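K.L.:
Here's a structure for you.
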Amino acid sequence: MAIPSLDEKKAKNVLRQVEFYFSDSNLPRDKFLNETVSQSEDGLVSLALICSFTKMRAHLGLGNLKPEEVPEETVLSVAEVLRGSSSLTVSEDEEDAEKVLKESLVFAAQLELKPKKEFDSDREKMLKQHEDSQSLNENGSQANGR
């Protein structure tokens, strides 16, 4: 069976939206999604459920469908798009799911966890410093060029 594909804009929006749903900044704060993942035996969430979320319905043009009403073709199209994600895994059977759950993930970078307000504040300071240094470089080169 040929899987219908989403147009490029829809695919990009769907991928961005689902990656956000499962991101470190959203999942811990999203009570419904967090509980759904926790209550799932394998830690997976149905794509039909994901497709029934308000923003996903808007991206996919689905109106007000419930998870069980989402067309299989839509679920398959979304699955195909999500397979291109570097941070999400799409599984059609429990064997794949268990393999993913057992994998140990190794990151080459050291992660520093901090509250969002602190991160935003630090980022603003860095941007200000960068702008100031750019301004100095531009003024310095103008002064030297005269």
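Values in this text are rule-based calculations from the coordinates and carry no lab data. Computed from a prediction, not measured in an experiment: that's the story for all the values here. Virtual Cβ from ideal backbone geometry, glycine too; neighbours counted across all protein chains shown.
K.L.:
Using label points projected 7 Å from each Cα along Cα→Cβ, tell me how many nm separate MET126 and GLU73, to one decimal.
P.N.:
With each label placed 7 Å out from Cα toward Cβ, I get 4.6 nm.
K.L.:
For a label point 7 Å from the Cα of PHE20 along Cα→C-beta, name the residues of segment 28-59 whose backbone N is under 16 Å from it.
P.N.:
Of the residues in segment 28-59, 28-31, 33, 50-59 have backbone N under 16 Å from the label point off PHE20.
K.L.:
Using 1/(1 + (r/R0)^6) with R0 = 35 angstrom and r between the beta carbons of LYS10 and ASN137, what's the FRET efficiency to the nearest 0.05?
P.N.:
The value I calculate is 0.25.
K.L.:
Please give the contour-minus-distance gain from VAL37 to LEU88: 0.36 nm per residue of separation, less the Cα-Cα distance, rounded to one decimal in nm.
P.N.:
Answer, rounded to one decimal: 17.0 nm.
K.L.:
Note down the net charge around LEU15, summing +1 for each Lys or Arg and -1 for each Asp or Glu among other residues with Cβ under 14 Å from its Cβ.
P.N.:
Net charge in that neighbourhood comes out at +2.
K.L.:
Relative to 2.2 N^0.38 Å, what does the C-alpha radius of gyration of segment 8-102 come to as a ratio? Two decimals please.
P.N.:
My calculation over the Cα atoms of segment 8-102 gives 1.03.
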